[in-house]
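The values are calculated or read from the model by the stated rules, or taken from the named source; none is laboratory data. Values in this document were obtained by computation on a predicted structure and should not be read as measured data. Positions of Cβ are backbone-derived with ideal geometry, glycine not excepted, and every protein chain shown enters the neighbour counts. Quick note on the areas: whole protein, heavy atoms, side chains included, nothing else; ligands and nucleic acids left out. Shrake-Rupley method; radii C 1.70, N 1.55, O 1.52, S 1.80 Å.
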Amino acid sequence: MFERWLRKLGLDPQSRQRAREQAALIEQLIDTCDRRLRLLPGYQDALAPGMRISQTYLSSLMSQLPPVLELSLPSFSRDPRLGLLFSGPASLLELLESSETLREFFLSASNGDEAWALLAMQRSETGRFGVSMENGELRSDVAQVVVSFDGHRLMVPSPSQEAFLQRSGAHALDVLSAVIARRLSLMEQSRQLLESEQARLQLRRLALQSEGCTVVDGQADDDLPDSVAGVDARLAELKPQLAELRSHAGLEGTLDVVRQVLERPEDYFCVQTVTLRLNRMGIKVEGDDEGATDLMLEEVVLGKLQPIRRALVPVRVRRDDIAELRRQFGQG
């Protein structure tokens, strides 16, 4: 009875431990975003509900990842996805040997000979005109879209699938912290740019209203209105934008931005399923092309201001697979 009462009040050992862990996570978040927030009384209480929401949400994202991809030489013949993500075995070997996180993982004997990790890439699509067979005719002016991947990175290598899922959830919280820091930075940049434009508009208005008045502007003023009415209209547009940005410029406003993101993480960190039907050359195809492969990816979208997109695939690699690739495609 007494233990149940303690749990209800959050005073039992497990609840106190969870509270300490959450407080530590908030401190890590503050280190990433703005350490001055510690000057505000009650910042922990303000961010605690959002931190719980974000932890629950980010943990659920791991269940959306596509099937695990084995990074090995035999996989190029078994799994067509590998040939679409890499230009060839030599390209795969370059990634595996240049990954500092993977190297550090295998330096520890306690981690074993197998690593589960998250492969992140940048997807790009390029339009071109190519050769294609249509209705029995060979045409050289067919519009095509070529999908390619670059910027490959291996993250959170782990000794087991369970450890990988746990580490991925923690890493996702680190990424969300970086998203918040970037949002704060972009908002501050926007505020400074709008304030600069406002000052230039006010000078332009003065010049238009005063005969013989010349304003020396170090910036090109071709983009500024050439009438008082036009200047006033643009100043009216800037006023509410600046008012909102200035409200977030102080510590209280910064704390409010951090709290808003934590309480609505799905607006700033979401995972979207993308399925691409590609032939072996990475060209998008439609219909029942026998040589096509359905490449399913999860793409993470980070931020609302200038969002960043990254394709994600869980992977597995063994020491022996790296050694085989090195024997076949290593230099020297």
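Here are a few things to note about the model shown:
- Taken over the range 16-44, residues that are among the aromatic types (Phe, Trp, Tyr) and outside any helix (DSSP H, G or I) amount to 0.
- Here Leu82 qualifies as open to solvent by less than 20 Å² (accessible area, probe 1.4 Å), in a helix (DSSP H, G or I) and in contact (Cβ under 8 Å) with a residue 12 or more places away in the chain.
- Candidates Ser148, Ser196, Ser160, Ser210: the one that is among the hydroxyl-bearing types (Ser, Thr, Tyr), surrounded by fewer than 16 Cβ atoms within 10 Å (Cβ to Cβ) and at pLDDT below 85 is Ser210.
- Sole residue being over 22 Å from the mean Cα position of the chain (by Cα), crowded, with 19+ Cβ neighbours inside 10 Å and closer than 26 Å to Arg318 by Cα, chosen from Ser77, Ser72: Ser72
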